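The values are calculated or read from the model by the stated rules, or taken from the named source; none is laboratory data. This is a predicted model, so every value here is computed, not measured. Cβ placement follows ideal geometry from the backbone for every residue including glycine, while neighbour counts extend to all protein chains displayed. Keep in mind that these areas ignore ligands, DNA and RNA; they rest on the heavy atoms of the full protein, side chains included. Shrake-Rupley method; radii C 1.70, N 1.55, O 1.52, S 1.80 Å.
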Amino acid sequence: MSAQTATIRGWGFLAPAVLWTLAFFIVPFVVMGAMSLATLDGRTLVWGLSLDNYRELAGQAYLARAIAVSLEITLTVTLVSVLLAYPLAWIIAYRVPPRWQRLVLLLAILPFWTSYVVRSYAWLLVLARDGVVNQTLMGLGLIAEPLTLANTRFATVTGFVHFFVMLLTLTIYANLVQLSPNYRKAAMDLGANAFQTFRHVILPLTLPGIMTGAFLTFVLCIGDYITPQILGGNTELTVPQVIMVQLGRRADFPLAAALAIVLMGIVTLAYLAMARWLRLDRL
Amino acid sequence: MTYRTFTRLAATTALAGLGGAAAAQEELNALVWCDHTDPALIEPFEEAHGVTVNLREYEGTGAALALLEQSRPGDWDVLVIDGIDVFRAIDAGILAALPEEELPTADFFPEVVMAENNSRDGVTYAVTEKFGYNTISYNANAVDPADMEDLTRVWSEAYDGRISIYDYYLPVMGLAAMAQGIDTAAIDAEALGPIGETLAEMRSRAASVAGVVAAQTALATGEVDIVVGGGEWLTAVLAEERPELTWTIPSQGAVRWTQSIGVLEGSENPDLALEFVKYIVSPEGQARLATSSCFWGMPANAAAGDVLTDEQKAVLRWDDQEDYLARTQLYPAPDTDLDIEMQDLWLNTLQQ
């Protein structure tokens, strides 16, 4: 095969992915960027290079608050999900007999099979004043009055964690089962105890799985609208909720696009931070 | 039968079949609110005309206008729209003229004919189909009903943490304005100061700011006892099972919502679309729309009273409508600049 033929064949294999990325990422991104620089004159969209939307956003306290709320919720969800998912993945990978692992994994991802919206409303009922959680706590005599759990940040975080623990469990489990048992044996032979083996051998080797899941969690969580809308009770708004408000009545796509660019900027900064401090290049 | 005859017959039969299928597949595409998706409302029309009505729900006039702008002319035939936003659809040139003489507006409750909203320069573009109130819904077993007759007591300290606010800034700011003695039609930039103070007070007492389903769930589960901005549309569907969930119009009054229906310009089935509009505003259509499984509301056509049962009219509080209509004001209908200011105020209040 000549070099030219190989090059053409290489481009042929690459073309579908390039076209896909171009059609469903690059072009929409450019359109969104251009839209954020347009303005609305009544109902008429005026294309241009105006920074009015960004100036408008810079002057609004609600946006700064929405960014803070989004980041606080997302970081909490990511941290809690990792802390819960890692032991679960560990147990499935090392404590559950191999013949049962598939079944246990299936059970772990069972909640994925229900509708995201239905699951969120189910949590609303579980966390209600007369819901299962409050009834149980009161039945055990731990509280005298029902706690306010629904329509709070706690409810939003709970709904998110329920979803993302499943996702993280899968990514971490996939990483754990690929590790050769020889690493652990070698560490033990060299005198390391179980904790030292985990701390200095297993954890560093499974960091790529953790980081992949954590970054997916971060991206999906910060861009989610449904969960905070249903479970958070709108007592504080995230950036996606503010975007939806711009679209609902006024259909202010330029302002919504500017907000979306801001959201993308946050995700990009998060990625760069992870790449710098958490060695994302190892993934 | 020769082979040729057979093939001709087969072809003729197939074409007839296709023709029949084509006739059976005549479709009407309507952009609607959820109350129009009740099969009890739509199926009688489909059966009577042998057509299929494709319904697409939307939330927010902006979303509907954006969808229509992105569609080809003729993709959509019918639009249901917030009564105060008909002017936006007329401005956008998306509504076709309706033959006023074929609409039974003479039978309507006079306050909701709203010719000034539904027509321009003597041409009618839409017709009111349903109305109701954004007012105070509450659990009569959990609050003092006498308190619910005064807006300032509704969001007082006594009900701290027991309130949900309906998640739509226009009616809620209308209620806040009325609590301040400001007419909804008189809301301007200057009035936003006192309205903002009331909103902030309301927000400080609220456990949640909720959409239709969330507000209904919160009230039904006891998460809250009061929904500011609620009304018959929130509690009427629960009237049979939970009669304690009720609503009132306080002494300061409340906000009146209306929804209108019209035929879209460029519709490929304008006659069928007009028939659909006429069906919806007919007494039978109005009775079904008023008691839709999604939400109940008063029919614009008073003649629907002959079709509704006494029980249904009792839930809708048919006999009180004269008083309610006199004591309520239409939604605020801000121009673009004021709308932006109102929305910013709303967002800033929610984020406090």
Expressed as a whole number of Å, what is the distance separating the alpha-carbon centroids of region B:22-69 and region B:109-144? 21
Starting from a Cα-only point model with no solvent, please compute log10 I(q)/I(0) by Debye for region B:237-352 at q = 0.14, 0.19, 0.21, 0.22 1/Å. -0.84, -1.12, -1.18, -1.22
Pull up all non-local amide H partners of B:Asn134: gap of 5 or more, or a different chain, and H-to-H distance under 5 Å with H placed in the peptide plane. B:Val255, B:Arg256, B:Trp257
Using the alpha carbons of region B:109-192, what is the convex hull volume per residue in cubic angstrom, as a whole number? 152
At a Förster radius of 51 Å, what calculated FRET efficiency corresponds to the Cβ-Cβ distance of A:Ile226 and A:His200, to the nearest 0.05? 0.80
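Quick check on chain B: of the DSSP beta bridges with both residues there, what percent are antiparallel, nearest 5%?
60
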Inter-label distance, nm, simple model (7 Å from Cα along the C-beta direction), A:Val30/B:Glu322: 6.7
In sequence order, what are the phi-derived ³J(HN,Hα) couplings for region A:74-88 according to the Karplus relation 6.51 cos²θ - 1.76 cosθ + 1.60 with θ = phi - 60°, rounded to whole Hz, with x for glycine and proline? 5, 5, 4, 4, 4, 5, 4, 5, 5, 5, 7, 6, 4, x, 5
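I need the calculated FRET efficiency for the pair A:Asn182 and A:Trp11, taking r as the beta carbon distance and R₀ as 45 Å, to the nearest 0.05.
In this case the efficiency is close to 0.60.
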Taking amide hydrogens as modeled 1.01 Å from N in the peptide plane, which residues meet the under 5 Å criterion relative to B:Glu129, leaving out close sequence neighbours? B:Gln259, B:Ser260, B:Ile261
Which one of A:Ile8, A:Pro111, A:Met35 has its Cα pushed farthest toward the positive end of the charge dipole of chain A, where Lys and Arg give +1 and Asp and Glu give -1 at the Cβ? A:Ile8
Gaussian network model of chain B, springs between alpha carbon atoms under 10 Å - residue of B:Thr128, B:Thr221, B:Thr61 with greatest fluctuation: B:Thr221
Sorting B:Thr349, A:Thr5 by accessible area (1.4 Å probe), largest first, what list results? A:Thr5, B:Thr349
Taking the simple approach of a point 7 Å from Cα along Cα-to-Cβ for both B:Glu46 and A:Ala174, what is their distance in nm? 4.2
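Per-residue Cβ counts within 10 Å, from other chains only, averaged over B:220-228: what number is that?
Mean partner shielding for this stretch: 3.
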At 222 nm, what value in deg cm²/dmol follows for chain A if DSSP H runs of at least 4 each add -39500 (n - 2.57) and the sum is divided by all its residues, to the nearest 500? -22500 deg cm²/dmol
Suppose R0 equals 22 Å. What FRET efficiency, 1/(1 + (r/R0)^6) with r the Cβ-Cβ distance, do B:Ser251 and B:Ala186 give to the nearest 0.05? 0.70
I'd like the GluC sites (Glu not before Pro) in region B:129-205 restricted to DSSP loop residues with at most 12 other Cβ atoms within 10 Å, sorted by number. B:Glu190
From the C-alpha gyration tensor of region A:181-283, square roots of 5λ in Å: 43, 15, 8
Whole-number value, in Å³ per residue, for the convex hull of the alpha carbons of region B:49-188 is 197
Return the value, in Å² to the nearest 100, of accessible area buried between chains A and B (probe 1.4 Å, both sides summed). 2800
Of all DSSP beta bridges in the protein assembly as shown, what percent run antiparallel (nearest 5)? 60
Under the rule of at least 5 residues apart or a separate chain, name every residue whose amide H is placed under 5 Å from the amide H of B:Arg120. B:Tyr125
On each of the three principal axes the extent of the alpha-carbon atoms of the protein assembly as shown, given in whole Å and largest first, is 94, 88, 56
Quick one: putting +1 on the C-beta of Lys and Arg, -1 on the C-beta of Asp and Glu, what dipole do you get for the protein assembly as shown around its Cα centre, in Debye to the nearest 20? 4960
In peptide A:239-251, what is the residue-averaged number of other protein chain Cβ atoms found within 10 Å of each Cβ? 5
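Take every Cα-Cα pair in chain A and report what % of them are more than 33 Å apart.
41
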How many nm separate the modelled label positions at A:Val219 and A:Ala275, each set 7 Å beyond the Cα in the direction of the Cβ? 1.2
Cα coordinate range in region B:104-256, projected on the principal axes (Å, largest first): 50, 42, 25
Two-decimal Rg/Rh across chain B, once Rg and the Kirkwood Rh are taken from alpha-carbon atoms: 1.06
